[in-house]
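Report on the structure given below.
The values are calculated or read from the model by the stated rules, or taken from the named source; none is laboratory data. Values in this document were obtained by computation on a predicted structure and should not be read as measured data. In this analysis, Cβ positions are derived from the backbone assuming ideal geometry, glycine residues included, and neighbour counts consider all displayed protein chains.
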């Protein structure tokens with residue numbers, strides 16, 4: 001059985017698709033898997049790294065600006081979609097999938113629409129409680145809509161087609177051993193802090209982390225720190241860190257990367273994770289049971305990241321700090337408190353593990369099987 005997964009734009013769309021693809025491949029080792037993603041986006045890097053072939057299509061997001069520029073952008077976006085649907089039909093006919101699964105992002109809509117028009121079963125997974133534009137547009141055609149939250153069903157015209165499966169995560173988040181992870185990273189007994197604010201990066205938070213580096217240096221580096229800048233942050237952050245008086249070449253206590261490709265290992269080894277609150281990040285943190293400080297992005301539709309973060313906070317698994325309140329001093333205080341209070345950290349780990357859906361990828365595979 002051949003399967004196409006379509007996703008893209010950010011790791012939050014790509015990684016869940018890879019997690020399901022891995023589970024499907026375990027069930028059906030002889031099946032062929034193909035990804036469809038957007039040209040020039042990070043799926044072109046992440047998908048091949050995971051061992052899968054990818055075809056790309058022209059794609060563009062829709063603008064929500066009520067202006068002439070926003071209108072012109074959306075005309076171009078519609079043109080891209082029409083081109084992409086035609087391209088997807090050619091890809092689908094050549095590959096011959098039994099089913100097409102979408103997990104969101106620019107490429108998902110044209111690929112799912114093309115498959116539906118060709119009479120191929122499709123299902124779409126929505127990470128957030130409030131469905132995104134791609135999901136809303138394709139839901140009426142989907143054979144199944146898969147969600148993380150039961151309350152999401154009310155947003156769909158066919159709630160009977162909505163099924164709660166949780167968020168698929170890489171199995172390594174569930175199975176990696178902490179001591180093994182720390183040995184692999186060649187860490188000593190010092191606490192490890194991991195910070196990442198999305199695959200593209202977040203300028204305000206990258207600036208805050210650079211200033212946090214200076215506080216760590218002034219305090220004698222009380223912990224190790226691995227930070228992912230994201231694609232755009234990598235272009236300017238190294239110089240900005242130098243301006244803060246921190247020379248990363250002279251210390252091994254801070255490691256700055258564009259992207260953390262081995263995140264299951266790094267997160268498992270960590271003592272505290274500081275992150276945005278996208279659905280994928282929240283579920284990866286929960287699956288690994290890692291005490292966290294969440295700083296929701298203020299620049300997302302319907303403020304869905306804060307809603308995600310508050311769920312973990314209410315369950316006792318997270319500290320939530322809104323971006324306007326997030327200074328390097330505030331972060332340093334929270335990090336220090338979590339490191340020093342082992343009883344609290346242990347309680348947070350238990351709370352997070354109780355909220356995770358460890359078999360989410362398998363649940364998606366079960367539904368795929370039922371559609372076939």
Strands (runs of 3 or more DSSP E) completely within segment 195-306 that count 1 or more residues being under 16 Å from the mean Cα position of the chain (by Cα) and under 18 Å from residue 328 (Cα atoms): 224-228, 272-275, 292-294
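Just wondering, is there one or more residues in segment 205-222 that are modelled with pLDDT under 85 and not assigned by TED's automatic domain parsing to the domain that holds residue 140?
Within segment 205-222, the subset modelled with pLDDT under 85 is none.
No, that holds for no residue.
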Unique match (being farther than 22 Å from residue 282 by Cβ, out of contact with any helix residue (DSSP H, G or I) (no Cβ under 7 Å at 6 or more places or on another chain) and either in the same structural domain as residue 7 (by TED's automatic domain parsing) or assigned to a helix (DSSP H, G or I) (or both)) among 160, 151: 160
Test: residue 257 is under 21 Å from residue 173 (Cα atoms), at pLDDT 95 or above, in the same structural domain as residue 345 (by TED's automatic domain parsing) and surrounded by fewer than 24 Cβ atoms within 10 Å (Cβ to Cβ): yes
Inter-residue pairs, beta-carbon under 8 Å, first within 13 Å of residue 86 (Cα to Cα) and outside the structural domain of residue 134 (by TED's automatic domain parsing) and in segment 106-118, second in a helix (DSSP H, G or I) and at pLDDT 95 or above, 6+ apart: none
